[in-house]
Amino acid sequence: MTIRTEPMTVNVGPQHPSTHGVFRVRITFDGEDIVEVEPVLGYLHRGSEKLAEERNYVQVVTLTDRLDYTSSMINNQAYCLAVEQLLGIEPPPRGKYLRTLAAELQRIASHLIAVGFFVQELGAFGTPLMYTFRSRERILDLFEMLCGARVTVSYMRPGGVFADTPADFWPALEQFLEDFEGELEEIENLLLSNEILMVRTRGVSPLPADVAINCSVSGPVLRASGVNWDWRKMAPYDAYDQVEFDIPVGQNGDNYDRFWVRMQEVRQSLRIVRQCVAQIEPGPVRQELPLVLRAAPGAEAYGRVEASKGELGFFLVSDGGVSPYRCKIRSPSLINLTITEHLLLGWKLADMIVSLGSVDINMGEVDR
Amino acid sequence: MVKGLAVTLSNLMRKPFTTSYPEQRIRQHPRFRGEEFTWYEERCTGCASCAKYCPLGIIKIVTSPSETAPLQGDKYRLETFDIELQRCMFCGLCVEACPYDALFMGSGFEEGQYKRTDLVITIDRLRQAEKNPSTWFRPQLEGMDYRPGEGRPLGWREVGRENWRWHQHEKAGMRLAAGRDDSEGEA
């Protein structure tokens, strides 16, 4: 006897507890198997690029906070690097170190979110997420000390950071580094060798290196596929040429490798933070600049950083005015989403959300 | 199973790392950027740097020529100083732009109103508000070991970056008020 079946189309999102933000993906299933995938974007579009064109160079920093709201510091850094290239200025050494320090703390916080939600999507509701958020809260407290805000930081300015650290920041940072060692070990013991997690993620949704490169994927997703590529090493910015760190590289590019690479990067970021604390010296943190900056007409600059999700770039064009003539944002989450089909086609419904979670997209950045 | 129970027990003895919010409060850092902007009329010259520097343009300032002491240089009187809090994103750029240390961020975060018009901070509200300035972008306050909301409110002469006399010529009203206060102090 044959059963007559037909594929069924399901909308996942745009508002669904397990999609990351307002992301909608239209999936056609044949039973449990995914046969067609169509991501639908644009629900969180705010026109950041256009808004940047009518604000002056410093005011745009506040817009960059809201792109990838889980790694605002790194967004600030990318934009400030672009403006500094445009104007031909360079921040003082302490400013560079503070930026590196803040960016690495933000990378830890962002990866903790990624890992926490990744495990939550595997079905471990609550507990691992609380473990990672506990440490993330401490980092946000440090950011509050640095700049008065926890998420929308607006900490960096073209030419450095807005002000020096308060006196109680350094003891608090030392305390955090001391405590976080144990907390991270706890999270690693809980997750890295967890049998259920490995069964669910090993070999699922592998991304070959050539596909990853062809799709122009960057960040932990690319490195999990075995490509050793990190802008912090390839083109060091700020104080990254002064610190030592390794780039963890995965092998298979499956969900477990993407998760594993993030866990290892947290360790490396911790190393960088420690070195920054040891190397930083007193001095000015911000180059004296006029409040309203102007670049030469026709000047162009592309500032890129290795953000927590991949290569984040700001392309600025100046027409001599007080605001950028064009501000193009190369956001890693959007480009990383282009591999959705490669990841999902042929896999099961239950693995779909996990695979999406392993890419670690952030809709604030995808739709801008 | 015993091993599993041991893990459970060891975690049972731990202190929770959450706080139940309305009853318990986390101590904010003095740099916290919050609402209830603190504004010192005595220091403000009405230059509207903050209004120009606001990325959203939500600060509205109207000045009129002052009748009191135009010759001494007290040129403008503040008519309107509206901050539309409902659109404010607390980036603090207005505070950064203020050259006279007249505007400060506040430390509150619980501004809920039933009407959107109630969210506009007017000049009267700014005048009457208790002055608990945040130390954001004001390094002189950080040196004082001051915590907003946990001590007395600060007066306008305590919050300046430099000696208040450095911009006397910009704001003659300050000089007049200061002179009067000094004489009172002596008496």
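The values are calculated or read from the model by the stated rules, or taken from the named source; none is laboratory data. It should be emphasised that the depicted structure is a prediction, and the values quoted were computed from it without experimental measurement. Don't worry about glycine lacking a Cβ; one is built from the backbone with ideal geometry, like all the others, and counts go over all protein chains shown. These accessible areas exclude ligands, DNA and RNA; they are computed on the full protein's heavy atoms, side chains included. Shrake-Rupley method; radii C 1.70, N 1.55, O 1.52, S 1.80 Å.
A:S308 - would you say it is farther than 15 Å from A:L67 by Cβ and either free of Cβ contacts under 8 Å to residues at least 24 places away in the same chain or not aromatic (F, W, Y) (or both)?
No: the conditions fail for A:S308.
Does A:L67 satisfy the condition of being free of Cβ contacts under 8 Å to residues at least 60 places away in the same chain and surrounded by 18 or more Cβ atoms within 10 Å (Cβ to Cβ)? Steps first, please.
Numbers: free of Cβ contacts under 8 Å to residues at least 60 places away in the same chain: no; surrounded by 18 or more Cβ atoms within 10 Å (Cβ to Cβ): yes.
Against the criterion (free of Cβ contacts under 8 Å to residues at least 60 places away in the same chain and surrounded by 18 or more Cβ atoms within 10 Å (Cβ to Cβ)), A:L67 does not qualify.
Identify all residues within segment A:134-148 that are facing chain B (nearest Cβ under 8 Å), assigned to a helix (DSSP H, G or I) and closer than 14 Å to A:F162 by Cα; write none if there are none.
Of everything in segment A:134-148, those that are facing chain B (nearest Cβ under 8 Å), assigned to a helix (DSSP H, G or I) and closer than 14 Å to A:F162 by Cα turn out to be A:E144, A:M145, A:L146, A:C147.
If the requirement is being in contact (Cβ under 8 Å) with a residue 12 or more places away in the chain and within 18 Å of A:L312 (Cβ to Cβ), which of these qualifies: A:R200, A:R232?
A:R232
Could you tell me whether A:Q287 is under 24 Å from A:L129 (Cβ atoms) and open to solvent by 10 Å² or more (accessible area, probe 1.4 Å)? Can you show your working first?
Details: under 24 Å from A:L129 (Cβ atoms): no; open to solvent by 10 Å² or more (accessible area, probe 1.4 Å): yes.
No: the conditions fail for A:Q287.
Any residue that is within 12 Å of another protein chain (Cβ to nearest Cβ), open to solvent by 40 Å² or more (accessible area, probe 1.4 Å) and out of contact with any strand residue (DSSP E or B) (no Cβ under 7 Å at 6 or more places or on another chain) - is there at least one of those in segment A:113-125?
No, because not a single residue in segment A:113-125 is within 12 Å of another protein chain (Cβ to nearest Cβ), open to solvent by 40 Å² or more (accessible area, probe 1.4 Å) and out of contact with any strand residue (DSSP E or B) (no Cβ under 7 Å at 6 or more places or on another chain).
I need a count of the residues in segment A:140-180 that are over 20 Å from B:C88 (Cβ atoms) and among the aromatic types (F, W, Y).
Residues in segment A:140-180 being over 20 Å from B:C88 (Cβ atoms) and among the aromatic types (F, W, Y): 4 in total.
Can you find, within segment A:141-153, the residue that is surrounded by the most Cβ atoms within 10 Å (Cβ to Cβ) among those that are touching a residue at least 12 places away in the same chain (Cβ under 8 Å) and touching a helix residue (DSSP H, G or I) at 6+ places or on another chain (Cβ under 7 Å)?
First, pick out the residues of segment A:141-153 that are touching a residue at least 12 places away in the same chain (Cβ under 8 Å): A:141-143, A:145-147, A:151-153.
Checking the rest, the ones that are also touching a helix residue (DSSP H, G or I) at 6+ places or on another chain (Cβ under 7 Å) come to A:142, A:145-146, A:151-153.
Values: A:L142: 22, A:M145: 20, A:L146: 25, A:V151: 13, A:T152: 17, A:V153: 27.
Per the stated criteria, the residue is A:V153.
List pairs: first residue in segment B:16-38 and under 18 Å from B:E96 (Cβ atoms), second residue surrounded by 12 or more Cβ atoms within 10 Å (Cβ to Cβ) and basic (K, R) anywhere in the structure, Cβ distance under 7 angstrom, at least six positions apart or on different chains.
Close Cβ pairs satisfying both conditions: B:P30/B:R147; B:T38/B:K131.
Quick one: would you say A:N75 is modelled with pLDDT of 90 or more and within 14 Å of chain B (Cβ to nearest Cβ)?
Details: modelled with pLDDT of 90 or more: yes; within 14 Å of chain B (Cβ to nearest Cβ): yes.
Yes.
In this structure, is A:V204 farther than 18 Å from A:S72 by Cβ and among the β-branched types (V, I, T)?
yes
In segment A:53-64, what count of residues is obtained for those that are in a helix (DSSP H, G or I), touching a residue at least 24 places away in the same chain (Cβ under 8 Å) and at the interface with chain B (Cβ under 10 Å from one of its Cβ atoms)?
3
Checking the structure you have, find out if any residue of segment A:186-209 is away from chain B (no Cβ under 12 Å), within 21 Å of A:L67 (Cα to Cα) and at pLDDT 85 or above.
No, because not a single residue in segment A:186-209 is away from chain B (no Cβ under 12 Å), within 21 Å of A:L67 (Cα to Cα) and at pLDDT 85 or above.
Going by the conditions given, is A:D164 open to solvent by 10 Å² or more (accessible area, probe 1.4 Å), facing another protein chain (nearest Cβ under 10 Å), in contact with a Pro (Cβ under 9 Å, 6 or more places away or on another chain) and farther than 17 Å from A:F259 by Cβ?
yes
Can you name the residue in segment B:5-40 that is open to solvent by less than 90 Å² (accessible area, probe 1.4 Å), away from every other protein chain (no Cβ under 11 Å) and among the aromatic types (F, W, Y) and, of all such residues, is nearest to B:G106 (Cα to Cα)?
B:F37
Pick from A:R107, A:R94: which is more than 26 Å from A:E341 (Cα to Cα), under 20 Å from the mean Cα position of the chain (by Cα) and in a helix (DSSP H, G or I)?
Criteria check complete, one pass: A:R107.
So which residues in segment A:1-24 are modelled with pLDDT of 80 or more and out of contact with any helix residue (DSSP H, G or I) (no Cβ under 6 Å at 6 or more places or on another chain), if there are any at all?
A:T2, A:I3, A:R4, A:T5, A:E6, A:P7, A:M8, A:T9, A:V10, A:N11, A:V12, A:R24
Please name all residue pairs, on different chains or six or more residues apart, with Cβ atoms under 8 Å, provided the first residue is in segment B:41-61 and is under 12 Å from B:A97 (Cα atoms) and open to solvent by less than 40 Å² (accessible area, probe 1.4 Å) and the second residue is in a helix (DSSP H, G or I) and polar (S, T, N, Q).
B:P55/A:T62
If the Cβ limit is 7 Å and pairs must be 6+ apart or interchain, which residue in segment B:78-99 that is within 14 Å of another protein chain (Cβ to nearest Cβ) and touching a residue at least 24 places away in the same chain (Cβ under 8 Å) pairs with which residue that is in a helix (DSSP H, G or I) and among the aromatic types (F, W, Y)?
Here the result reads B:L93/B:Y53; B:C94/B:Y53; B:A97/B:Y53, each pair linking segment B:78-99 to a residue that is in a helix (DSSP H, G or I) and among the aromatic types (F, W, Y).
I'd like the residue in segment B:105-153 that is of a type in the set (F, W, Y) and either open to solvent by 50 Å² or more (accessible area, probe 1.4 Å) or away from every other protein chain (no Cβ under 14 Å) (or both) and, out of all such residues, is nearest to B:P30 (Cα to Cα).
B:F109
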